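Only the coordinates and a few stated rules stand behind these numbers; no lab work does. Only a predicted model underlies this, so the values are computations on that prediction, with no experimental measurement involved. Methodologically, a virtual Cβ is constructed for each residue, glycine included, from the backbone with ideal geometry; neighbour enumeration extends over all protein chains shown.
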Amino acid sequence: MKTLSVNLLLNAYKQGVFPMSDAQGEINWYFPNPRAIIPIETYKPSKSLRNILNRKIFEVKINTSFVEVMRACSVPRYTGDGCWISEEMIAAYSELNKLGFAHSVEAFQNGILVGGLYGVQIGGVFFGESMFTNVSNASKVAFHELLEILKKQRFLLLDTQFINENVERYGAIEIPRKLFLEKLEVAISTPCEFKMIK
């Protein structure tokens, strides 16, 4: 039974709530406390990443392969690892992408999609959802481009939902839910455009 819609998703995100699918495809809703965010203004690429960026190993694009990025993110990383991105979610977020509320950042190598991430945007907040990499450092380059976009377009908030080792390496911190909601209220009312500036 279809439970997701564009309006339901947008209203949920505006309240700090987001969905994940279980192994049976049932949608569950989450509202973490504390909440993980990455301070946009303090992000700096590591020396090793700067070297990779300077070598221009990857071509980075946005919103050219949104569905492909979601499908790649839905592949379990480890044996026994569950998948929380269902076909219903892919369909719903693809609609958000068409309407300009969801975006993908994609890393290509020799014309092949090898890494990327996607998330939801409302005003000046970007809700990071998931990332994948099939080639070493591809997702790191995509994440760096995301931060460049958020900085240049003056976004106020980058939500990463839960803390883990992957987001900690990018500078993620945890804040109380109450503080997150205060930041969220300001950010969603701040107009920002998600686009690359070269």
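Comparing segment 83-198 with the 2.2 N^0.38 Å rule of thumb, its C-alpha radius of gyration ratio is 1.07 (two decimals).
Return the percentage of antiparallel bridges among DSSP beta bridges fully within segment 108-198, rounded to the nearest 5 %.
DSSP beta bridges in segment 108-198 are roughly 75 percent antiparallel.
For residue 154, what is the net charge nearby, where nearby means another residue's Cβ is under 14 Å from its Cβ and Lys, Arg count +1, Asp, Glu -1? Neighbour charge sum, excluding residue 154 itself: 0.
For segment 32-46, putting each phi into the Karplus relation 6.51 cos²θ - 1.76 cosθ + 1.60 with θ = phi - 60° gives couplings of x, 8, x, 10, 9, 9, 10, x, 5, 6, 9, 5, 9, x, 5 Hz, in residue order, rounded to whole numbers and with x for Gly and Pro. Relative to the compact-globule estimate of 2.2 N^0.38 Å, the Cα radius of gyration of the chain comes out at 0.97.
Amide hydrogen proximity for residue 190: with H placed 1.01 Å from N in the peptide plane, the residues at 5 or more positions away or on another chain lying under 5 Å are 124. Couplings 3J(HN,Hα) of segment 162-169, computed from phi: 10, 7, 7, 4, 5, 7, 5, 5 Hz, in residue order, whole Hz [Karplus 6.51 cos²θ - 1.76 cosθ + 1.60, θ = phi - 60°; x for Gly and Pro].
Sparse packing (at most 15 other Cβ atoms within 10 Å of the Cβ) combined with a DSSP loop state is found for the following trypsin sites (Lys or Arg not before Pro) in segment 1-100: 2, 56, 77. For the chain, the relative contact order is 28 percent, taking Cα pairs closer than 8 Å that sit 6 or more residues apart in sequence and dividing their mean separation by the residue count. Would you kindly derive the ³J(HN,Hα) couplings of segment 171-181 from the backbone phi angles with the Karplus curve 6.51 cos²θ - 1.76 cosθ + 1.60 (θ = phi - 60°), listing them in order in whole Hz, with x for Gly and Pro? Going residue by residue, I get x, 5, 10, 9, 10, x, 4, 4, 5, 4, 5 Hz, with x marking Gly and Pro.
For the Cα trace of segment 75-136, dividing Rg by the Kirkwood Rh returns an Rg/Rh value of 1.00.
Amide H contacts for residue 115 (H built 1.01 Å from N in the peptide plane; partners 5 or more residues away or on another chain; cut-off under 5 Å): 107, 134. For the chain, the dipole from Cβ point charges (+1 on Lys and Arg, -1 on Asp and Glu) about the Cα centre works out to 820 debye, to the nearest 20. For segment 1-74, the spherically averaged projection of the C-alpha convex hull amounts to 8.0 nm².
Under 5 Å from the amide H of residue 130 lie the amide H atoms of 118, each residue being 5 or more positions distant or on a separate chain, with H modelled from the backbone and absent for Pro and chain starts.
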